[in-house]
Structure formats: structure tokens, C-alpha cells
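What follows is one structure encoded as C-alpha cells, with my remarks underneath.
Nothing in this text is a laboratory measurement; each read-out follows from the coordinates by a stated rule. From a predicted model like this one, the values you see are computed outputs, not experimental measurements. Cβ sites come from the backbone with ideal geometry, for glycine too, and all protein chains shown count toward neighbours.
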Amino acid sequence: MPVGFRSDVDGSHCCSSYFDTYPRVWRHGDRITITDQYAVKEHGRSDATLKRNGVRMGSPGIYHAVEAVSEVTETLVIGVERPEGNHWMLLLASLAGRAALDNHLPSAIRPAIREGASPRRLPDDIIQIDPVPHTLTGKKLRYPSGAS
């Protein structure tokens, strides 16, 4: 467990990052449910690890493959577990200069992921954004402030 962040003199950023959800309880990493029989059911990571159709995968492989496409400057992958059990994966892409997410660009992005990462890592949708949001420490921000 981290005990603090550099330049966080009063500890408020560290506290809000790990202790806001459950007061005095550190929250980070795996998401679990404890059943009535005290069994633990793991749902996956709350950070950069995606769990899609039962397969755990890290987002850096996707980023590396997509950001090799010249028009793409930075990407963000978000995975959503749906109540019916399937998984929807969204790729948000920040593009260079006047590049636009037209018919050509997804047809360059998808093969880059398929060949550079895996066909299992192909997103369901690709959306252009500018810029990719970051935390104060420079990590890509996958959750809006205050979300779990």
C-alpha cells in the first residue's frame, strides 16, 4: 500500500485516490464479491487489466500496437462488464494534427491490434477524443473523478 505521493504535502491526493470509496479502508486492484457462503468471486482488476470473455489482458499491448499507427498519438481502452455477462470494449483515440476517424483509420487500427496484440483485443467501438485524460501522476484516467 502506498503511504504517500511526491508533491502531495498534506496527503489529500493519496487519501482521495485510495480511501474515498470506503473510509479508512484501502481500495485498489482486484474487484471481488463475497458470497453468503463466504466464498470470494473475482470480477477482475479495477486498474489497467481488462477481463474480456474470461480472458484477462493488459491494455499496454493494445496501446503499443495502436500507437504505432502514424495518425494515432495516444489511446485509452475501457472495458465494460454488462449485467448479462458479456463484455463491451471501447477504444478512445487521440489523433495527430488534422487526422480524423474516418473509414480509413479504423481499417488501419484493427489490423494493427490483430497483428501487434491479439484478435481477442479488438475493440467493439473506436471513438476519437482529444486529449486522453490523465491523473496528476500521469496515468491514463479510466474512470471519471469519484467513480469506482
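Tell me which residues, restricted to the range 109-136, are of a type in the set (Lys, Arg) and either exposed (fewer than 15 other Cβ atoms within 10 Å of the Cβ) or without any contact (Cβ under 8 Å) to a residue 12 or more places away in the chain (or both).
Taking the range 109-136 first, the residues of a type in the set (Lys, Arg) are 110, 114, 120-121.
Once the filter is applied, which keeps residues that are of a type in the set (Lys, Arg) and either exposed (fewer than 15 other Cβ atoms within 10 Å of the Cβ) or without any contact (Cβ under 8 Å) to a residue 12 or more places away in the chain (or both), the range 109-136 yields 114, 120.
For every residue, the table says whether it meets (1) among the β-branched types (Val, Ile, Thr); (2) surrounded by 17 or more Cβ atoms within 10 Å (Cβ to Cβ).
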| site | (1), (2) |
| --- | --- |
| 72 | yes, yes |
| 92 | no, yes |
| 99 | no, yes |
| 107 | no, no |
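Hey, can you tell me all the residues within the range 1-28 that are of a type in the set (Ser, Thr, Tyr) and over 20 Å from the mean Cα position of the chain (by Cα)?
Initial filter on the range 1-28 (of a type in the set (Ser, Thr, Tyr)): 7, 12, 16-18, 21-22.
Listed by number, the residues that qualify are 7, 12, 22.
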